[in-house]
Structure formats: C-alpha cells, structure tokens
Amino acid sequence: MAFDIDMIKGVYSKMTERVDKARELVGKPLTLSEKILYSHLWEGIPSTVFKRGKDYVDFAPDRVACQDATAQMALLQFMHAGKPKVAVPTTVHCDHLIQAKVGAVADLKRANQTSNEVFDFLESVSNKYGIGFWKPGAGIIHQVVLENYAFPGGMMIGTDSHTVNAGGLGMVAIGVGGADAVDVMAGMAWELKFPKLIGIKLTGKLSGWTAPKDVILKVADILTVKGGTGAIIEYFGEGATSMSCTGKGTICNMGAEVGATTSTFGYDASMDRYLRGTDRADVADAANKVADYLTADPEVYQQPEKYFDQVIEINLTELEPHLNGPFTPDLSTPISKMAEAARANDWPLNVEVGLIGSCTNSSYEDISRAASLAKQVSDKNLKTKSKFTITPGSELVRYTIERDGLIDTFNNIGATVFANACGPCIGMWDRYGDKAGNGPRNTIVHSFNRNFAKRADGNPNTLAFVGSPELVTAIAIAGRLDFNPITDTLINEDGKEVKLDEPRGYELPPEGFAVEDAGFIAPNSDGSKVEVKVATDSERLQLLEPFLPISNQSLQGMKLLIKAFGKCTTDHISMAGPWLRYRGHLDNIANNTLIGAVNAFNKKTNFVKNQLTGEYGGVPDTQRAYKAKGIKTIVVGDHNYGEGSSREHAAMQPRHLGVAAVLVKSFARIHETNLKKQGMLALTFANEKDYDKIQEDDTFNFIDIQDFAPDRPLSIELVHKDGSKEIIKANHTYNLQQIAWFREGSALNVIKKENAA
C-alpha cells in the first residue's frame, strides 16, 4: 500500500472539477502540464488564465522531499518558521554524505561515523516536525521517491535539482532551494512563474543498443544547457508509451541539464505496471479512475504545434547511442562518430573507469541490461579492461539484484559495488585522496547526469562522458572511448575476435521486488517533546540568525568581488565533494564561496583583487575583509549563472559574507529564485555588452534603488579607478512579493512575521 494514499485520492477527487474549469477558461484543449498546474493552484478552483513565461502564480504542492545535504539548511530555516509540524507530507533522505571509496559496507560504516552528528540532527528534526526519515544506505532521494511517493498528476517540490526524476511517473516535480521548501512545509503558497511548454514527440521505438538515456542526451544536444529554461518539457507519442516508467524517469531526471523547470509524461500502461510492481496497486486503481485527466487532451498530441511553444520530434527507431561530454552535458556525440571526435579533440582514448547507477540510471531494467553484458565477459572469455563500479539507487533495487544474482555477475568481472547513495555522481568519490586537484588527464565514462570539471572526482583533468548504463558497460569492457559495440569486435583471451550481443533486460524483476529493511523511519505522531540538539562548538551544524535587510544606503559605494568569466555553476559558487560536511554550518561552508569561479581579469580561480589593499587573495578571504569594513559587494557573471544543482548555499553563502547583488547576462531558474529568497538583488544586464564595461577596481552605486518596483529597470553608476563614471541599466524579474523579501531581508523573515501575526 502506498504512503499518503488518502492525500493522493484527495488530489484526484478535486482534479476533474479544476481541470474542467481551467479548460473552460482557457477555451481550448489542455496539455498534461497545464492540467497539473491548474489543478494545483493555491486558490483552488481556477479563475484566471495565466500567461506562460510571464505571470507569477501561487501553487499548492502535494509534498516535499529533501536530501541530507540541502535538508540541513532547509530544516534549520524551518525551525524559525514557528510551526509545530509540516503542513504537507515531507521526507528527508540521507544520500549525499556517503563517500565512495572501498565498497558499500565499509563506505557506509565510515559515513555513519564521520557524519553521525548530521544524521542524528536530521533524524531528530524529522521526528519533531512529522517528517519521514530515510536513513543512510536507504537509497538516493529520487529513486526512493519514484518507488514510494511519486504519483501521476501530482505536484511536488524537492531540495535537489533532480527532483524532476518523478516526472517519469507523470508528476510535475520541481527542484527548488530550501527556502521554497520551507514555504510549503510551513503551509504557505509556493510561487513559480507559469512555465512555457516544450512538446517532444517520440516516434518509433527503442531497440538494440539504444536506451532512454539516449533520448535525453539527444535533447540536450538540441536544446543545450539553457534551452529548456523557464519551460516544462512534455513527452508524448508512440515512442513514449512504448518506454518503461523508469526509462521515462531517466529522461526526466536529465531534463535538469537543459535548464527545464521539469519534464513529464502522460499516464500510461507502463506507469500502471510500475505502481503495481512497487506495491502501489491502490494508487494505480485510483489513477485509472481519472486516467483521461492524467494525460493531455487528445487534440494536443494530434496537433502539438497549436498547444506548445516549441515542438521537437525524435525518431527512436533512427536514434543511435550517444556519449555527451566532456565538461558539459550538452556536447553530444553519436557513438558512430566518437572515434573521429576523440581524435580531433585529443581526448584520451583509454578509459580508466566506467561507472553505472546513480539516481539517473539505477532501475532494475538498467542494472539487468548492464548485467547481460557483464555476463558475456565470462561467456565469451573476455577481460574487462577498465575499472567498473555500480551505484544502486535504493536498497529495494540493491537487495533485489543481489537476490537475482546480478551482483555476483558484476563481481565476476571485478566490479565494485558502492553504497546506495549519490557517491561519484556528486563528487563524493575518493579516487585520488589529497591529490585530486592536480590529477592526471584521463577519461571516464558514466551513466550519471552531470559531467562538469571536477564533478565526479575533484580532478580538473578528468574528462567525463555521459552515456547509458549498457553503453558504459560495453566501453568499460573494451577499455576504449572509441569502441562502438554496434560495429566493433573485441579480441578475447584466446585471441579470437568476438562481438558483444545486444543488451537484454527486464522492465521489472520477474520475481517481483524484495527487501528486508528499506530504511524508512516514521516520525512520532507527537513530536512536541523531541529535543533537537546542535552543539555550540560543532563544525558541522550552526543554528541560523536571520539576515538583516540590505539598506538603500549600503548599496552605494559597493565594491566588485569578482567578475566571473564563462561557465559559473553552483559547483563553482559552492563546491560539493568534501565541502558537503559543512552544509549545515553556514559560516564554515562560506569558506568555499566562489573559489571555483574564473576571474575574468586574470583567468585564475580563487584569486581576486582586494580594492582596500590592492593585494590579491582568495575570494572568501577578500570578501570577509570587505565585510569587516561594512562594505557590500557585487558579483558579476556571464550566461546561465548558477546552472546546476538547486543548492541554496550558493545564494546563502555570498549573502552571509556581505554580497548584496549579483549582476549577470542570464540566470539559471533555481539560482535566481534562491537569491531572491535570501533577500539579495538578482539582476541581468539590460545590454549584455555592458558586461565588458565592468573593470577590476570599479565602485557601484545603485542610484535609484529607492524606486525598486516590478518591471522597472535599476540604474547602476559605475565609478572607475580613474574617476570616470557611466551608468548602465539592470533588468530584474521581481514582483511585489519578492521585493518584500528584499526589503525584509529574506523570504523567511516574511514568513516569521506572518506566522507571528
């Protein structure tokens, strides 16, 4: 039986009336995305037609999910909200703080020792406020959510950018910062700009070596890392319905890599099978009663160009396996072209490690297809040339594949099975120890979702390529980046030429799923007497103090902290890896602020000019010097600033240190919202060429900040070192409520004031 079945049935009981009213208001057939959005309005029954990409709308999500790294800051904030219990079903998942090094058992034991303080804090807070707790080793948040909580037609938010994984079960699931989660947990409306809609029609059918992963790798090639910004991607067509539910989840998961608000698929038979296979027949039965409301109206998919802002068509029959990378998830290369591309770009052809699993590709189907290739190593007398690792996505999957002998199959080719956690996918991979920052140039292939520099192992010289689990497995067996399993052969230990057979697998385990301890701990029904302990001398946890409002006066005479050059993701602003240990201690983690960003004036990282002394130093140290003198600063950036993770630390850290404004060519959606939530100014150049006007010794004056209002650009006076001045315009997307966040110091300050009233 499903968690929260009464809540799910309640959603369905209201959905038909709300969707019917929305269709009447809009005056035309509705997409699935519109049905879910309009049925989750804060106001209840729709009364307004919203403009896509323009109107800010208040929504009422059904549930919230938090992973342990971001949950710390989210729950530290929720403790200030003045609520005795969360208002909607909420869960915490311990998956980010388990470092991959030796293997599952040893790594989990070490994590429980080194991060025990954080796990105990999260469990106690969860127990106090009515939050479901998934202990370390239970699995990765997104896989666990898909297996237990996701449901067709629902809306959820999660404090991780890959929350969108739940779109594989027909949800609108959106990654947010912790402050957004606090709003919903506190029973407040959650605000989102009404998304644009991108329709992707999938024709044909996947076969052979091509997998669902290749669909999203192709989409990334088409849309690039920012082409989906501000939009929901809705997949449909015969190719969509022929695909497994977990395959759909893989596609939705990596939608975060094109900047999409989320991605989703209409309810179909594969979702019914998956719900029943994961012991949620009650959800499937409830969904089947309103099935027409859990997919788009028929006219939409018949003439998609009339209902979507953009339509893309991909023929799955013609699609071939892809590898994307290195250093960006949208550099796409069909496997048939990889040999040519690798030689042209001088990519190391020797593949040192192949890694499969993670939240993106750790379903039973993924693992069984990869295992069918691993079995051929012994059957065909081959030898695996690369190191090989598996990261199961949940204890449910891990236990089941062990029962079915698949782990033994992998062990027979020398594989390492890591803990059911994020591990190498988020940089929690102790591959080089203290030498990671200066590691050798090398190639790895993995089935994860991101491949930014340093992302997996901390080594800036590791070239990471993203592919399907089956392609990664084949390449690891061959040991070469230019190996094409469709056409190429291998020489076995007998000196004979052999070819790998196409991968084979199971959509769901033939004998069903099984597990002894899934890892869930339910909260007390009454948590009022539960004590949350945070040691005053802790290096890992620190109770929060509310941010003070940024005054108009303090926005005069501001200094430039850094002018970031090129890509500046949340990994550059607040690195993960070993820094994850400080995610609950704002002052300590602030010591990594922007240390990965490239300074436009010297092309170095963590080396900026202190205008007070004329000396160069690290970004955090320089910023702390400004803070000590009471001087606010500004960060300047390029396009898609804040791309990547949902981590609000990338906004809270600069705010804590005294950064008041971020001025860039364009923002990634989640990061822009996070900056607003923390009471900062998130601005874009009205004229992108003004980026070039920013000089290293500039002082900034916000000359009309007193007139800060929606749809009204701000004027910034640049005062150069030689005394010359010029005024540039900065655009923003603040509405009245968001301006109130700025004036009060943060969105949380507004919530506290409202709850105190």
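The values are calculated or read from the model by the stated rules, or taken from the named source; none is laboratory data. Because the structure is a prediction, the values reported are computed rather than measured. Positions of Cβ are generated from backbone atoms using ideal geometry, with glycine treated the same way; all protein chains shown enter the neighbour counts. Each accessible area value is taken on the protein alone, full model and side chains, heavy atoms only, with ligands, DNA and RNA left out. Shrake-Rupley method; radii C 1.70, N 1.55, O 1.52, S 1.80 Å.
Would you calculate, for the chain, the mean residue ellipticity at 222 nm contributed by helices, counting each DSSP H stretch of 4 or more residues as -39,500 (n - 2.57) and dividing by all residues, to the nearest 500?
-9000 deg cm²/dmol
Where only protein heavy atoms count, and the probe is 1.4 Å, what is the accessible area per residue for the range 281-354 in Å²?
Here the per-residue accessible area is 47 Å².
How much area per residue is accessible in the range 387-466 when the probe is 1.4 Å and only protein heavy atoms are counted (Å²)?
Per-residue accessible area for the range 387-466 comes out at 31 Å².
Note down, for the chain, the three equivalent ellipsoid semi-axes (square root of 5 times each alpha carbon gyration tensor eigenvalue), biggest first, whole angstrom.
39, 31, 26
Could you grab the Rg to Rh ratio for the range 424-501? Cα atoms only, Kirkwood for Rh.
So for the range 424-501, dividing Rg by the Kirkwood Rh gives 1.06.
Over all alpha-carbon pairs in the range 176-326, figure out the percentage whose distance exceeds 27 Å.
29 percent
Taking just the C-alpha trace of the range 505-624, give me its Rg and Dmax in Å.
Just the Cα atoms of the range 505-624 yield Rg and Dmax of 22.4, 69 Å.
At a Cα cut-off below 23 Å, give the lysines reachable from Lys435, other chains included and same-chain residues fewer than 8 away excluded.
Candidates past the 8-residue exclusion: Lys101, Lys387, Lys454, Lys603, Lys604.
Structure shown: which of Lys35/Lys289; Lys559/Lys627; Lys218/Lys385; Lys196/Lys693; Lys85/Lys533 lie over 21 Å apart, alpha-carbon to alpha-carbon?
Among Lys35/Lys289; Lys559/Lys627; Lys218/Lys385; Lys196/Lys693; Lys85/Lys533, the Cα-Cα distance tops 21 Å for Lys218/Lys385; Lys196/Lys693.
Which trypsin sites (Lys or Arg not before Pro) in the range 711-748 pass both tests, a DSSP loop state and at most 14 other beta-carbon atoms within 10 Å?
Lys721
According to a simple spin-label model (label point 7 Å from Cα along Cα-to-Cβ), what is the distance in nm between Asn731 and Thr317?
Result: 4.3 nm between the two label points.
Length gain on complete extension for the stretch Asn412 to Lys306, per 0.36 nm per residue less the alpha carbon to alpha carbon distance?
32.8 nm
Which is farthest toward the positive dipole end of the chain among Tyr293, Ile477, Gln611, measuring Cα position about the Cα centre, with Cβ charges +1 (Lys, Arg) and -1 (Asp, Glu)?
Farthest towards the positive end: Gln611.
Spin-label point model (7 Å from Cα, Cβ direction): what's the Asn610 to Arg110 distance in nm?
Placing both labels 7 Å beyond Cα along the Cβ direction yields 3.6 nm.
Kindly state, as a whole number, the per residue volume in cubic angstrom of the convex hull around the alpha carbon atoms of the range 92-233.
Measuring per residue, one finds 164 Å³ for the Cα hull of the range 92-233.
Just to confirm a number: summing +1 for Lys and Arg and -1 for Asp and Glu over residues other than Phe308 whose beta-carbon lies under 9 angstrom from that of Phe308, what do you get?
-1
Within the set of other residues whose C-beta is less than 10 Å from the C-beta of Lys533, count the net charge using Lys and Arg as +1 and Asp and Glu as -1.
In short, -3.
Taking the highest mean first, how do the peptides 184-192, 111-119 order by number of other beta carbon atoms within 10 angstrom per residue?
Going by the mean number of other Cβ atoms within 10 Å, highest first, we get 184-192, 111-119.
Report the full-extension gain for the segment Lys51 to Ser336: residue separation times 0.36 nm, less the Cα-Cα distance, to one decimal in nm.
Gain in length upon complete extension: 98.3 nm.
List the trypsin sites (Lys or Arg not before Pro) within the range 484-552 that DSSP assigns to loop and that have no more than 13 neighbouring Cβ atoms inside 10 Å.
Qualifying residues, ordered by number: Lys496, Lys499, Arg504, Lys529, Lys533.
For a protection proxy built on the mean count of beta-carbon atoms within 10 angstrom, sort 512-519, 366-373 highest first, please.
366-373, 512-519
Rounded to whole Å and sorted largest first, what semi-axes of the equivalent ellipsoid does the C-alpha gyration tensor of the range 218-300 yield via the square root of 5 times each eigenvalue?
Result for the range 218-300: semi-axes of 25, 14, 11 Å.
Assuming 0.890 mPa s and 25 °C, estimate D for the range 508-559 with Stokes-Einstein, Rh taken as the Kirkwood radius over Cα pairs, in µm²/s.
Answer from the Stokes-Einstein relation: 137 µm²/s.
With a bin width of 5 angstrom, please list the P(r) values of the range 617-721 as percents of all Cα-Cα pairs, from the 0 bin to the one holding the largest distance.
Percent of Cα pairs in each bin: 2, 11, 21, 25, 23, 14, 3, 0.
Carbon and sulfur together cover what percent of the accessible area of the range 527-579 at a 1.4 Å probe radius?
Roughly 56 percent, rounded to a whole number.
Show me 152-164, 470-482 ranked by packing, highest mean number of other Cβ atoms within 10 Å first.
Result, highest mean first: 152-164, 470-482.
Using a/c under 1.5 as the rounded threshold, could you call the range 303-400 rounded, prolate or oblate? The axes a ≥ b ≥ c are square roots of the C-alpha gyration tensor eigenvalues, and prolate needs a/b larger than b/c, oblate otherwise.
Verdict is oblate for the range 303-400.
What is the chain's relative contact order, in percent, from Cα pairs under 8 angstrom and six or more apart in sequence?
14 percent
Using the basic label-point model (7 angstrom from Cα toward the beta carbon), what is the Asn591 to Tyr506 distance in nanometres?
5.0 nm
Could you please state how large a percent of the accessible area of the range 62-196 is carbon and sulfur, counting protein chains only and using a 1.4 Å probe?
So the carbon and sulfur contribution to the accessible surface is 51 percent.
For the range 423-462, state the semi-axes of the equivalent ellipsoid (square roots of 5 times the eigenvalues of the alpha-carbon gyration tensor), sorted largest first and rounded to whole angstrom.
Over the Cα atoms of the range 423-462, the ellipsoid semi-axes are 15, 11, 8 Å.
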